[in-house]
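K.L.:
Next up is a structure, given as structure tokens.
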Ligand SMILES: C[S@@+](CC[C@H](N)C(=O)[O-])C[C@H]1O[C@@H](n2cnc3c(N)ncnc32)[C@H](O)[C@@H]1O
């Protein structure tokens, strides 16, 4: 799109290819700009020292997907306000939390002061981790970074590099089948409108056609292929069910849709102990 070309309203939200640089710039800008609103809307649900995997509310304390934590070096990828890392610290783990966005890390620093649970915070891109090889026992993220990078296969390879042999990698993302539907928590979100196989990213762009938000879709098969391609072994794929009595809507996640189909996929993988 040329600089002087204007886009119409119906071109502000679309599915189109986006390069790596435009994707990174869009997402850093988006999360910096949205950090205060995001925390105001979701901070109470996420807690200051808590580890929830998804809008369905599943807690690590209940499912223990990360395995033994005491004494383990844990990397939280795309940590946002880093509530998960602080909870990990209370379990005897040694977490390091990183995020691309200084705006989100500002909330992490504030929450550390408020809760009295400090954790090391690093500003970094998940595609270029500033950590030595084999320096962590566990890596994890609840919806961080993965949906927002153009090359999630490269992200898997970076996490594989920084994990020790036998290390575990657990991440949650929007369940790929959600991409078939509109982002609507109500009746409008019950009708299939997009092809599951269309990998074009969801893009919001400004009036000059420059992306301001980019989110990527991969099918279930793509995700497994990226994990296996990076050298991981898949141990489990958890599809949390909507709990009875859970009334809280989060964006497109709602009791109505949660009763009918999954909203989150949690991949549990390990780096084999021997090559
Ligand atoms: C939906 S939030 C999830 C954060 C936290 N787990 C939570 O539940 O609030 C996504 C996070 O991914 C971060 N992120 C996006 N792209 C990233 C990248 N390339 N590297 C590291 N973090 C990234 C964003 O800045 C944001 O904090």
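No value in this document is a laboratory result; all are computed from the given coordinates. Because the structure is a prediction, the values reported are computed rather than measured. Because the Cβ atoms are built from the backbone with ideal geometry, glycine has one as well, and the counts that use them run over all protein chains shown.
K.L.:
In the Gaussian network model of the chain, springs joining C-alpha atoms below 10 Å, which of 262, 201, 243 carries the largest mean-square fluctuation?
P.N.:
243
K.L.:
Take the alpha-carbon centre of the stretch 197-275, take the same for the stretch 55-100, and report the distance between them in whole Å.
P.N.:
19 Å
K.L.:
Please tell me the relative contact order of the chain in percent, rounded to the nearest whole number, where contacts are Cα pairs under 8 Å and at least six residues apart.
P.N.:
23 percent
K.L.:
Out of 100, 163, 14, any idea which swings most in a Gaussian network model of the chain, alpha carbons joined below 10 Å?
P.N.:
Judging by the Gaussian network model, the answer is 14.
K.L.:
Per-residue counts of other Cβ atoms within 10 Å, averaged by peptide: what ranking do you get for 92-98, 150-156, 255-261, highest first?
P.N.:
92-98, 150-156, 255-261
K.L.:
Let me ask something else. I need the peptides 43-49, 189-195 ranked by packing, meaning the mean over residues of other C-beta atoms within 10 angstrom, with the highest value on top.
P.N.:
Values: 43-49: 15.9, 189-195: 12.4.
Descending packing order for the listed peptides: 43-49, 189-195.
K.L.:
Return a whole-number percent for the relative contact order of the stretch 106-177, with Cα pairs under 8 Å and 6 or more residues apart as the contact set. Write out the running numbers ahead of the final one.
P.N.:
Working: 67 pairs, mean separation 25.6, N = 72.
Relative CO of the stretch 106-177 lands at 35 percent.
K.L.:
In addition: What residue among 137, 125, 222 shows peak mean-square fluctuation when the chain is described by a Gaussian network model with Cα springs under 10 Å?
P.N.:
Of 137, 125, 222, the most mobile in the Gaussian network model is 222.
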